[in-house]
Amino acid sequence: MNTSPDTIALAQAAAALSHPGLVRIVSDIDDHGPLPRHLLSRTLTGLSRQQLRHATAAGRALGLLRTGKHAGNPAFVLTSPGRELADVYDTAARWARTHQYPCDVSDFVTRVQATLALLGKPSTDVPPAPRAALASWVRDHGAALASQLTGTNQDEIELAA
């Protein structure tokens, strides 16, 4: 994978980073701090145990999450690339909310996914702020993402998507 912020790299990054469980876990930890593992299913309601397992596995494989301690319990925390990805998600959702994309009543995850899907298309109508945010993230973290999207980790990430 070319780690420069070109259309192909953006499309691959957008696809790998748009899993709804991943969007939710990264955003939740960014908003509220470390997420104790035992509270994962209570915090991220609406996701099955399998979806949660895939989201956390993908987050770790992509270098976005790590396991740490919070109040003496094992907890998921964001790495530096994970914190920066949360900013990309916020930028995408903000653009989508402003433009009522994909519709005026979309939730955060749907807005992020729809905007990332736009960034994955070769088009001149790509939203500039989310494109710049994702391109910057890919420029800074694309090499790590590319290495995780090859070999056996690709299978794990595809299962998570």
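The values are calculated or read from the model by the stated rules, or taken from the named source; none is laboratory data. Predicted model only: the values in this text are computed from it and were never measured. Reconstructed Cβ throughout: ideal geometry from the backbone, glycine too, with neighbour counts over all protein chains shown.
Here are the numbers for this structure:
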| item | result |
| --- | --- |
| One residue from R97, R111 being crowded, with 17+ Cβ neighbours inside 10 Å and modelled with pLDDT of 85 or more | R111 |
| Qualifying residue in region 72-86 (condition: surrounded by fewer than 19 Cβ atoms within 10 Å (Cβ to Cβ), touching a residue at least 24 places away in the same chain (Cβ under 8 Å) and of a type in the set (S, T, Y)) | no |
| Hey, R49 under 16 Å from the mean Cα position of the chain (by Cα) and of a type outside the set (A, V, I, L, M) or not | no |
| Those residues of region 32-64 which are farther than 26 Å from G120 by Cα and in a helix (DSSP H, G or I), in sequence order | H32, R37, H38, L39, L40, S41, R42, T43, R49, Q50 |
